[in-house]
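Encoded as structure tokens, the structure appears first; notes follow it.
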Amino acid sequence: MRMATALSVTVLAAGGIGHALVTGLDTGLTRVDPFKDMKNRPQAGHGMNVLVVGTDGRDRISAEERTKYRLGGAPCNCTDTVMLVHVSEDRERASVVSLPRDSYAEMPEHTDLTSGEKHHAHPVKLNAAYAEGGPALTVRTVESMTGVKIDHYLEVDFTSFMRTVDAVGGVRICTTKPLKDAYTGLDLAPGSHELDGGQALQYVRSRHIDGAADIGRMQRQQKFVAALVERVTSGGVLFNPVRFRAVATSMLSSVRADEGFGTDQMLSLSKAMRGFTPASSEFVSVPVGDMSFPVKGIGSTVKWDAAKAQQLFQALREDRPIAPRKAATSAKAPKDVVVDVAPDTVRVQVYNGTRTDGLGRKVDDALRGTGFATTRTPRTAEGAERERTVVEYDPRWDRSAKSLAAALPGAELKAVAGRGGTLRVVVGADYKGVRAVRAEEPEKPFEAVTGDQVVCP
């Protein structure tokens, strides 16, 4: 739920305000070691994966606010929300996957942090992992369920969430139907609303609005994150040093993070994400097979659709987009050529085989523009100038090679045993340009949207 804190920190630092202004901001972070003594972890993929958890920190909120925003009761010492955030290797896309807190999970063998009792592997609800073993057991459980290796851990509570929203000047949320929840006090009429920190907390916590329960709540959380990104990137926060520091301080005041996440990492990541907008983010909830899966001693749990969930997490491991690609709308644009293998799954290394300076970069950019996963580091081919453009490929990737060749009219296909999964394009003097190609859109096993589709118009 408070994933916005982590995502927005990287966006805020991208304003070119400078290292001096943000240096030392991470001193307010409380450090945890969620990776201590971890073994048999998933293999690292491409890009960066951050596990963001929202904890029930209502004990730090004033009595007046607890009454006003219906935050009575004792904190549960559990994760109220769990999100897996994948930042692509090229830093042009962030994929946010919501994991239902009541998900059926197989808890790994561990020692209870409170009692010191040793436990064998056993079934639980996902949010119980934090109560039994803190950040480390939460990371182990999520990695076991998803097969995705976690690079960083961020933990945010109610207090930090409310202060962050207030610091950016509130967030605009739109709804086409009334939203009322007697448990949280949320009461929004159809239309556009500017929510302050407390109201935003009511919005993202509400789960008794309709029959969608937690699924509906996760969708509202995703809309909120997209709206916060829009406010931060377009509301002047980035270029006002006073507001910037106030917002960043509010964000980090109640955050716990691993040792590897600090000022230098924030700056490095943010500089690569300077053009980040709501359209750069994509959101999805884990596909569910059974919303009420009974487990003895636990009660009703949310059981994932194993096959569809596996496809989703495979896409994250391979650094592929999870939201459908938008079709071109220009009437003058030529129709894309339909190919068997989607361009974004084909990795390409471009070589300039001519004496034309900059041609390698031009071809790399053009291929990337139609969706191919180029290396972005074109090279110069050795030897004499090539008359013809050649696509060299490992025979095991012949279908991928045909998709690439379709984008390079007249290109020659050349099988090279042992070449591996990265195809090689040697640009020749006959190069005439790149033709747009696309794969036939298969039915997605999960419903994903981009941020610009869920923010207010």
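Multiplying the sequence separation of Met38 and Lys177 by 0.36 nm and subtracting their Cα-Cα distance, what value in nm do you get?
Roughly 45.4 nm would be gained on extension.
Would you tell me the accessible area of Leu71, worked out with a 1.4 angstrom probe on the heavy atoms of the protein chains, in Å² to the nearest 10?
Using a 1.4 Å probe on the heavy atoms, I get roughly 0 Å².
Gain in length, His46 to Arg355, computed as 0.36 nm per residue apart minus the alpha-carbon separation, to one decimal in nm?
The His46-Arg355 span can extend by a further 107.9 nm.
Suppose the Debye formula is applied to equal point scatterers at every Cα of segment 343-457; what is log10 I(q)/I(0) at q = 0.09, 0.11, 0.24 Å⁻¹?
Cα-only, vacuum Debye calculation for segment 343-457: -0.28, -0.39, -1.40.
Convex hull volume of the Cα atoms in segment 343-385, per residue, in Å³?
Spelled out: Cα convex hull of segment 343-385, divided by residues, is 58 Å³.
By accessible area of protein heavy atoms, probe 1.4 Å, what ranking do His208, His152 get, highest first?
Largest to smallest exposure gives the sequence His208, His152.
How much FRET efficiency would the formula 1/(1 + (r/R0)^6) give for Asp196 and Thr249, where r is the Cβ-Cβ distance and R0 is 22 Å, rounded to 0.05?
With a Förster radius of 22 Å, E is 0.75.
For segment 187-228, report the translational diffusion coefficient in µm²/s to the nearest whole number, using Stokes-Einstein at 20 °C, 1.002 mPa s, and a Kirkwood Rh over Cα pairs.
Using the Kirkwood radius from Cα pairs, D works out to 200 µm²/s.
Given the whole protein assembly as supplied and a 1.4 Å probe, what does the accessible area of Val85 come to in Å², nearest 10?
Rounded to the nearest 10, that gives 10 Å².
Quick one: accessible surface of Met291, probe radius 1.4 Å, all protein chains present, in square angstrom to the nearest 10.
For Met291, the solvent-accessible surface is approximately 90 Å².
The values are calculated or read from the model by the stated rules, or taken from the named source; none is laboratory data. All values derive from a computational prediction rather than experimental measurement. Cβ sites come from the backbone with ideal geometry, for glycine too, and all protein chains shown count toward neighbours. When the accessible area is computed, the model is the full protein with side chains, heavy atoms only, and any ligands, DNA or RNA have been set aside. Shrake-Rupley method; radii C 1.70, N 1.55, O 1.52, S 1.80 Å.
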